[in-house]
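Undergrad: I'd like to ask you about the structure that follows.
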Amino acid sequence: MVQNTVKTSLASGLDVTDDIDVYDSAYKRLLSEKRVLARIMKRCLFEYRGCDLDAIAEKYIEGTPHIAHVPVSPDETGSFLRGLSQERASPTEGTVLFDIYFDAIVPDTEESVQLIINVEAQAEFYPGYPLLKRGIYYCARMLSAQKETVFTGSHYEKIRKVYSIWVCTEVPKQYQNTITAYNMEETGYVGSVRADKANYDLLSVVMIGLGAPDDKQCDELLRFLNILLSADMSAVEKKRILQDEFDCPMMDIEKDMEVLAMGSPGLALLKKSFEKGRTEGRSEGRIEGISASIRNLMETMNLTLTEAMNALKIPDDERQKYIEELSK
């Protein structure tokens, strides 16, 4: 039924990219809420284990994570804007997209040491490469971006620790309701020399795999996120449970919860199909990639060729080349 509904809307001329953006934006806005980030930080980052949730949200998270949609200049400018959906552009490496990006102060430190935390919203667990490697790459980018912004010259002692946290909604069974951290550690092969942990404990990737919203036996954070991001529960029911079980009122983001509850099953299916085509497009070229998007929409959503091209808003004067490509 959901698939047919989405098919009807696409055939009526709605832009698939607009629909996907609406879903993604709602998903990321929910995760960027300080009340949500505070729970993730308290459970997954040892620096905040003993902290009060309100203190994390109000005192330790710096600034307000927000949707920026601002293109960041290439590396040579030395600028590194922070916010939601930011881009760190490089003329040689392409563009890296950060869903949510913010600074956080480490509690009870003698000096103003800071963590740089990136939280990623991920629907597809197997996008064609290991997500863990992408998380490590993001950490490396966040570390290297501190040069000439957080520290200058050879003052590497000022490097701040970085975290890349991945909230994955669609995971294989063995990864459901799991939280796993990947950290740097010291291994002594000969002798008993011990370095200051602060000098090597500089990056960590945390993978959060969600499960079913009705699983009351799972970890408290997982239960919270399963409910908040559920596609099978109404916004009204979500608000009731989050208030009653977690004392976390979410009235001001009710619309975003409604978007996930009402539109996500069909949009998630559409998103998978569309992103697969975009991934193939990066490796095969623009024509091949868009052709892959058309093919995926036709197969996944049972659309005709014309309906798929309408959904992607392909200009009439460009359609023939995609028809030829698809006929190969």
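The values are calculated or read from the model by the stated rules, or taken from the named source; none is laboratory data. Model, not experiment: these values are computed from the prediction. Ligands, DNA and RNA are stripped out before the accessible areas are found, and what is left, the full protein with its side chains, is counted by its heavy atoms. Shrake-Rupley method; radii C 1.70, N 1.55, O 1.52, S 1.80 Å.
Undergrad: List the pairs from K133/K161; K42/K147; K133/K239 whose alpha-carbon separation is above 26 Å, in the order I gave them.
TA: On the way: K133/K161 18 Å; K42/K147 28 Å; K133/K239 35 Å.
From the list (K133/K161; K42/K147; K133/K239), the Cα-Cα distance tops 26 Å for K42/K147; K133/K239.
Undergrad: Next question. For V162, what residues show an amide H to amide H distance below 5 Å, using hydrogens built from the backbone and excluding near sequence neighbours?
TA: I116, L203, S204
Undergrad: Roughly how many Å² of D247 are accessible to a 1.4 Å probe, to the nearest 10?
TA: 120
Undergrad: Alpha carbons only, please: Rg and Dmax for segment 124-244, in angstrom.
TA: Looking at segment 124-244, its Cα Rg and Dmax stand at 19.0, 60 Å.
Undergrad: Keeping all protein chains in place and using 1.4 angstrom, which order do M207, M142 fall into by accessible surface area, from largest down?
TA: M207, M142
Undergrad: I'd like the accessible area for K158: 1.4 Å probe, protein heavy atoms, all chains in place, Å² to the nearest 10.
TA: 110
Undergrad: Taking 0.36 nm per residue of separation and subtracting the Cα-Cα distance, what length does fully extending L202 through D215 add?
TA: Working: separation 13, 0.36 × 13 = 4.68 nm, distance 3.43 nm.
Using 0.36 nm per residue and subtracting the Cα-Cα distance, I get 1.2 nm.
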